[in-house]
Amino acid sequence: MKTTRCTVQLQKAREYQDQALKTMKMAKKPSFHVAAPVGWINDPNGFSLYQGEVHLFYQYHPYEYLWGPMHWGHVKTSDFIRWEQLPVALAPDQAYDHFGCFSGSAFEWKDKHVLAYTGVDKKIDEDGNEIVLQTQCLAVGDGYDYEKMDVNPVITPETLPKGSSFSDFRDPKAWVEGDSIYLVVGSRAEDTSGQIALYRSKNLYDWEYVTIVDQCNNQYGKMWECPDFFELDGKQVLLVSPQEMKGGGLDIHNGNATLCIVGSYDTKKHDFLRETVSSIDNGLDFYAPQTMLTKDHRRIMIGWMESWDNHLYTKEFGWSGMMSIPRELHIVNGKMIQNPIREIEKYYRDSVCHSIGRFEGSLELSGVKGRSSDMTAEVIGGEYSEFSIHVACGKEEYTRLTYDRRKHIFEIDRENSGFTKDVIGLRRSKVSDYQGKIKIRAILDLYSVEVFINDGEQALSMLVFTPEEAERIEFYTDGYVQMEVEMHQIQI
Ligand code: FRU
């Protein structure tokens with residue numbers, strides 16, 4: 001199964017990363033979120049268990065703070081909180097992937113770690129038009145070095161139903177089931193909107209097209225990127241990241257969004273039947289999530305904490321892009337809920353709890369502050385119509401999290417969070433009505449705020465660029481509120 005040893009392109013990227021980490025002046029990085037070592041990162045890739053360790057790869061362009069020819073960067077962890085940097089795993093160095101090694105996944109097969117990715121090739125046709133060709137490719141490794149297979153590409157778009165696109169065929173998510181490897185991959189159907197194709201193999205080399213498991217029919221955006229497909233709590237879940245969504249009220253926002261489709265699945269006939277469709281994260285920065293199964297059978301999701309429509313980093317940073325906190329998933333009443341990975345609790349320091357019988361107007365609490373922290377504020381009673389928490393407050397800056405009790409709407413607002421660019425600052429989400437009670441958990445890690453409402457019923461993630469010293473937290477209400485607050489600093 002030999003082919004490309006460490007090619008010139010891969011060697012160059014590895015050396016560049018090594019040097020940059022030793023010598024380049026870069027902006028401080030978050031402490032427990034995976035961030036670009038140097039240059040640009042986007043989607044999480046290859047989130048998987050291999051020989052007992054958790055590996056995560058990502059779309060990576062080390063040489064610039066902007067997207068470019070895609071490599072795969074690599075980190076690993078034993079607890080999802082502390083990550084170890086590894087050398088670059090893949091570089092675009094073959095005829096079939098010279099324009100980029102796009103997103104994909106990883107799985108363990110016969111003691112090897114296999115990466116499934118999309119090779120992107122560009123050609124000029126007879127009329128001088130540029131043609132993009134996307135195919136599915138494999139690389140086999142030991143958790144450190146990976147070699148592309150000499151039979152690549154292993155799946156080409158001719159195998160798709162008639163009329164499917166050859167240019168939009170990407171992001172394979174593979175898993176092992178019994179003696180077979182299954183793989184779902186995004187593509188565009190004849191009607192130009194997304195479809196998710198299922199393939200199967202018994203040996204890595206020969207891949208058979210099985211079926212289309214679900215199809216957009218121009219209802220939810222256009223191309224469906226980065227699919228994931230798994231069983232969870234007795235239901236089947238399909239995650240997709242649609243492009244060009246028109247949006248639908250408060251539940252599904254426009255642009256590049258993420259969707260969770262819950263349904264049932266006949267594993268013999270490969271029939272997937274949709275039951276519910278909802279947004280995965282209603283915040284401003286979350287895309288292309290991918291999941292893995294832990295040794296103790298927890299389904300964990302991680303996403304790219306950014307949006308294609310809002311590039312926020314500046315060149316001076318030296319690095320650009322980070323992942324969300326890994327999140328534990330469950331299905332409750334047919335809906336996906338998500339909560340931060342429990343291992344974060346190992347890193348709790350300086351914890352404080354406050355039980356507030358009644359407060360009106362505004363309030364600050366001793367020990368409740370921080371930019372590397374995990375706070376839960378639970379309103380357990382009161383008479384009010386709006387309750388807000390301002391996090392990352394400095395002299396002028398703050399990031400506002402507001403619950404509108406009458407409308408049952410939760411709003412995040414980063415308009416005063418240190419941006420000098422004209423970026424989208426507000427997003428709102430419907431939340432369940434518990435008669436004025438609400439539980440708000442906010443995880444902060446330098447440049448990010450991730451909010452989990454009512455034990456994970458909703459998640460809203462966003463980047464903020466407030467200076468690090470802005471660490472105060474303030475509570476506001478227009479009536480009176482009875483609440484409990486639990487605050488932990490995170491120390492890595
Ligand atoms: C999603 C995506 C994928 C693609 C990758 C390229 O964010 O567009 O579809 O493989 O990014 O970097």
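Brief remarks follow.
- Note on segment 278-301: among residues that are polar (S, T, N, Q) and assigned to a strand (DSSP E or B), the one that is farthest from the ligand (Cβ to nearest atom) is SER278.
- Segment 199-212: number of residues that are assigned to a strand (DSSP E or B) and either within 22 Å of the chain's Cα centre (by Cα) or exposed (fewer than 14 other Cβ atoms within 10 Å of the Cβ) (or both): 1
- Listed conditions (1) more than 21 Å from LYS269 (Cβ to Cβ); (2) more than 16 Å from the ligand (Cβ to nearest atom); (3) out of contact with any strand residue (DSSP E or B) (no Cβ under 6 Å at 6 or more places or on another chain) are all met by ASP233, apart from (3).
- Boolean, VAL132 is within 25 Å of PHE47 (Cα to Cα) and either in contact with a strand residue (DSSP E or B) (Cβ under 6 Å, 6 or more places away or on another chain) or modelled with pLDDT under 95 (or both): no
- Verdict on SER193 being farther than 23 Å from GLY46 by Cβ and within 13 Å of the ligand (Cβ to nearest atom): no
- Hey, VAL237 hydrophobic (A, V, I, L, M, F, W, C), modelled with pLDDT of 95 or more, surrounded by fewer than 20 Cβ atoms within 10 Å (Cβ to Cβ) and outside any loop (DSSP other than H, G, I, E, B) or not: no
- Which listed residue, of TYR65, TYR96, is on the phi < 0 side of the Ramachandran plot, part of a loop (DSSP other than H, G, I, E, B) and more than 18 Å from the chain's Cα centre (by Cα): TYR65
- Pairs with Cβ under 6 Å, 6+ apart, first in segment 210-228 and away from the ligand (no atom under 14 Å from the Cβ), second assigned to a strand (DSSP E or B) and polar (S, T, N, Q): ILE212/GLN195; GLN215/GLN195
- Selection within segment 29-65: residues that are in contact with a Pro (Cβ under 8 Å, 6 or more places away or on another chain) and over 30 Å from PHE230 (Cα atoms). The member of this set that is surrounded by the fewest Cβ atoms within 10 Å (Cβ to Cβ) is PRO62.
- Taking (1) over 23 Å from the mean Cα position of the chain (by Cα); (2) modelled with pLDDT of 95 or more; (3) assigned to a loop (DSSP other than H, G, I, E, B); (4) more than 15 Å from the ligand (Cβ to nearest atom) in turn, ASP127 satisfies each apart from (2).
- Verdict on GLY234 being touching a residue at least 24 places away in the same chain (Cβ under 8 Å) and in contact with a Phe, Trp or Tyr (Cβ under 6 Å, 6 or more places away or on another chain): no
- Sole residue being on the phi < 0 side of the Ramachandran plot and at pLDDT below 95, chosen from ILE424, ILE380, ILE473: ILE424
- Matching residues, segment 14-52, being of a type in the set (S, T, N, Q) and either within 16 Å of the ligand (Cβ to nearest atom) or in a strand (DSSP E or B) (or both): ASN42, ASN45, SER48
- Of all residues in segment 97-115, those being surrounded by 19 or more Cβ atoms within 10 Å (Cβ to Cβ), over 15 Å from THR7 (Cα atoms) and within 16 Å of the ligand (Cβ to nearest atom) number 6.
- Among the residues of segment 427-442, the ones that are surrounded by 20 or more Cβ atoms within 10 Å (Cβ to Cβ) and among the small types (Gly, Ala, Ser) come to 2 in all.
- Number of the condition not met by GLU396 [criteria: (1) crowded, with 18+ Cβ neighbours inside 10 Å; (2) part of a loop (DSSP other than H, G, I, E, B); (3) not basic (Lys, Arg)]: (1)
- Residue in segment 74-86 that is within 20 Å of the chain's Cα centre (by Cα) and within 16 Å of the ligand (Cβ to nearest atom) present: yes
- Tabulated pairs, segment 104-115, first of a type in the set (Phe, Trp, Tyr), second within 16 Å of the ligand (Cβ to nearest atom), C-beta under 6 angstrom, 6+ apart or interchain: PHE107/ALA174
- So THR118, is it touching a Pro at 6+ places or on another chain (Cβ under 6 Å) and either within 14 Å of the ligand (Cβ to nearest atom) or in contact (Cβ under 8 Å) with a residue 40 or more places away in the chain (or both): no
- When the criteria are applied in full, SER388 meets the requirement of being in contact with a Ser or Thr (Cβ under 9 Å, 6 or more places away or on another chain), buried (at least 18 other Cβ atoms within 10 Å of the Cβ) and not aliphatic (A, V, I, L, M).
- The condition of being within 16 Å of the ligand (Cβ to nearest atom) and either hydrophobic (A, V, I, L, M, F, W, C) or at pLDDT below 95 (or both) holds for only one of TRP319, TRP304, that being TRP304.
- Filter result for THR466 (in contact (Cβ under 8 Å) with a residue 12 or more places away in the chain and surrounded by 23 or more Cβ atoms within 10 Å (Cβ to Cβ)): yes
- Which listed residue is within 16 Å of the ligand (Cβ to nearest atom) and not hydrophobic (A, V, I, L, M, F, W, C), from HIS71, HIS55: HIS71
- Residues of segment 247-277 that turn out to be exposed (fewer than 14 other Cβ atoms within 10 Å of the Cβ) and either assigned to a loop (DSSP other than H, G, I, E, B) or within 16 Å of the ligand (Cβ to nearest atom) (or both), as a count: 7
The values are calculated or read from the model by the stated rules, or taken from the named source; none is laboratory data. None of these values were measured; they are calculated from a predicted model. Don't worry about glycine lacking a Cβ; one is built from the backbone with ideal geometry, like all the others, and counts go over all protein chains shown.
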